[in-house]
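The values are calculated or read from the model by the stated rules, or taken from the named source; none is laboratory data. Keep in mind that what you see is a predicted model, and the values were worked out from it rather than measured. FYI the Cβ positions are ideal-geometry reconstructions off the backbone, even for glycines, and counts take in every protein chain you see. Just so you know, the surface numbers come from the protein's heavy atoms only, side chains and all, with ligands and any DNA or RNA stripped out. Shrake-Rupley method; radii C 1.70, N 1.55, O 1.52, S 1.80 Å.
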Amino acid sequence: MTLQELKEKLSLNILTEGGQLDRQVTGGYVSDLLSDVMANAKEGDVWITLQTHLNIVAVASLKGISGIIIVNGRRPDDETLRKASEEGIPILGTDETAFEISGRIYKILNDA
Amino acid sequence: MGIKETIEGSFHIIGGDFSRAGEASTEIKTLLQSLGISKEIVRRAAIATFEAEMNIIIYTPAGILRYEITPERIRIIAEDMGPGIEDIELAMQEGYSTAPEWVRELGWGSGMGLPNMKKNSDEFRIDSVVGEGTTVEMIIYLDKSENKN
Amino acid sequence: MRLEKIIQSLDAVVITKFMADSEEIDWACATDLMSEVLYYSRDSSVLITGLTKQQAIRTADIADIRVVVFTRGKEPDTSTVELANDKKVTLLITPYSMFTACGRLYEAGLRCCPE
């Protein structure tokens with residue numbers, strides 16, 4: 001499953017510029033604690049979170065996260081989005097909650 | 001047990017003391033429940049108070065949380081001796097936060113505290129002087145149909 | 001969704017329990033940020049969180065949430081369990097990550113909020 005396919009199935013908004021939506025999503029990780037993501041997320045996971053500050057980009061980059069999905073209609077500030085575009089980490093947005101979007105992604109990945 | 005006259009009290013809150021964080025708000029919640037106030041109003045007052053208490057703990061060395069309950073309304077005042085807020089309009093935005101990383105790792109500092117206080121109050125006022133401190137006043141009416149102004 | 005179905009779906013260990021198996025949980029809230037719980041949750045929700053600390057119990061109590069699930073099998077410390085007992089919060093531990101826990105409960109029919 002690519003990020004692009006996930007984006008289409010879930011009507012996610014792409015917030016960063018510069019593509020990279022051909023990345024493979026192999027799993028999901030939901031967390032709002034950066035230390036938790038650093039310790040436990042796996043390469044290829046799509047990271048579902050409410051956190052929007054700059055540090056999410058570094059964490060995602062270090063862990064080889066395929067993309068970040070920001071929930072509840074939050075929007076990261078321009079600096080975070082610029083950094084993410086530079087690092088090639090796609091950030092997508094949804095108005096849904098973490099529970100709802102995770103539930104749907106879990107099902108999509110399991111059925112794939 | 002109903003409310004016949006004004007009931008008031010206060011708690012001293014010590015900044016940085018996460019182990020006791022929420023105790024004052026829990027006591028106020030228990031008091032409101034014992035007065036027979038409706039569940040939804042108790043919940044709103046508890047949430048607003050808890051956020052105010054957490055702000056004192058997270059951002060300031062110390063503060064006072066006061067409550068005043070009359071037959072018509074609950075009034076909560078949180079007064080701290082913190083650094084003050086430079087741009088209140090910005091601080092009121094959902095998701096805006098100046099919290100350091102260690103606070104976020106404790107599950108706080110996501111920039112929803114002040115919006116949450118406003119959301120759960122019928123009246124919300126905030127005054128802040130940089131270098132001196134911040135005072136938040138919240139009023140929640142017990143019977144909105146009669147007291148809404 | 002009945003409490004027992006939540007326990008089963010999550011293969012959860014019951015740490016404290018103050019509800020009957022048949023009691024209904026209507027909504028789910030999954031986050032590690034406590035203000036988000038206070039902002040978005042409703043009463044009769046289950047809180048799924050990786051913040052396996054006292055603060056999660058305290059927040060649940062303030063927001064009238066009676067069931068808390070700690071993810072990734074993390075054992076809470078004694079003070080957290082004591083607070084859950086004191087506040088009569090039902091505390092479960094699931095071996096699953098928050099992602100998998102959400103997925104399993106969603107699949108079982110639980111939703112986050114009213115349509």
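The residues of the stretch C:10-60 that are open to solvent by less than 20 Å² (accessible area, probe 1.4 Å) and out of contact with any Ser or Thr (no Cβ under 8 Å at 6 or more places or on another chain), listed by number, are C:Ser41, C:Ser45, C:Val46, C:Leu51, C:Gln55, C:Thr59, C:Ala60. Here A:Glu86, A:Glu100, A:Glu8 are screened, and the one residue that is over 21 Å from B:Gly109 (Cβ atoms), assigned to a helix (DSSP H, G or I), free of Cβ contacts under 8 Å to residues at least 40 places away in the same chain and within 11 Å of another protein chain (Cβ to nearest Cβ) is A:Glu100.
To keep it simple, each residue is scored yes or no on (1) in contact with a strand residue (DSSP E or B) (Cβ under 6 Å, 6 or more places away or on another chain); (2) within 14 Å of chain C (Cβ to nearest Cβ).
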position	(1), (2)
B:Ala62	yes, no
B:Asp87	no, no
B:Tyr96	no, yes
B:Lys118	yes, yes
B:Glu132	no, no
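Restricting to the stretch C:79-115, and then to whatever is β-branched (Val, Ile, Thr) and within 14 Å of chain A (Cβ to nearest Cβ), can you tell me which residue is least open to solvent (accessible area, probe 1.4 Å)? Checking each candidate, the answer is C:Thr94. Name the single residue, out of those in the stretch B:98-108 being facing chain C (nearest Cβ under 10 Å) and open to solvent by 10 Å² or more (accessible area, probe 1.4 Å), that is farthest from B:Pro61 (Cα to Cα). Across the stretch B:98-108, the extreme among qualifying residues is B:Glu105.
One line per residue, one yes/no per condition, for (1) within 12 Å of chain C (Cβ to nearest Cβ); (2) surrounded by 21 or more Cβ atoms within 10 Å (Cβ to Cβ):
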residue	(1), (2)
A:Ala60	no, yes
A:Ile69	yes, yes
A:Thr80	no, yes
A:Pro90	no, yes
A:Asp95	yes, no
A:Ile105	yes, yes
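If you go through the stretch C:63-93 and keep only what is β-branched (Val, Ile, Thr) and either out of contact with any Gly (no Cβ under 7 Å at 6 or more places or on another chain) or free of Cβ contacts under 8 Å to residues at least 12 places away in the same chain (or both), you end up with C:Ile65, C:Val67, C:Val68, C:Val69, C:Thr78, C:Thr80, C:Val81, C:Val89, C:Thr90.
Mind checking which residues of the stretch A:13-27 are more than 14 Å from chain C (Cβ to nearest Cβ), open to solvent by 80 Å² or more (accessible area, probe 1.4 Å) and farther than 18 Å from A:Thr80 by Cβ? Residues satisfying the conditions are A:Asp22, A:Gln24.
B:Ile57 fulfils the conditions (1) open to solvent by less than 10 Å² (accessible area, probe 1.4 Å); (2) touching a His at 6+ places or on another chain (Cβ under 7 Å) except for a single criterion, (2).
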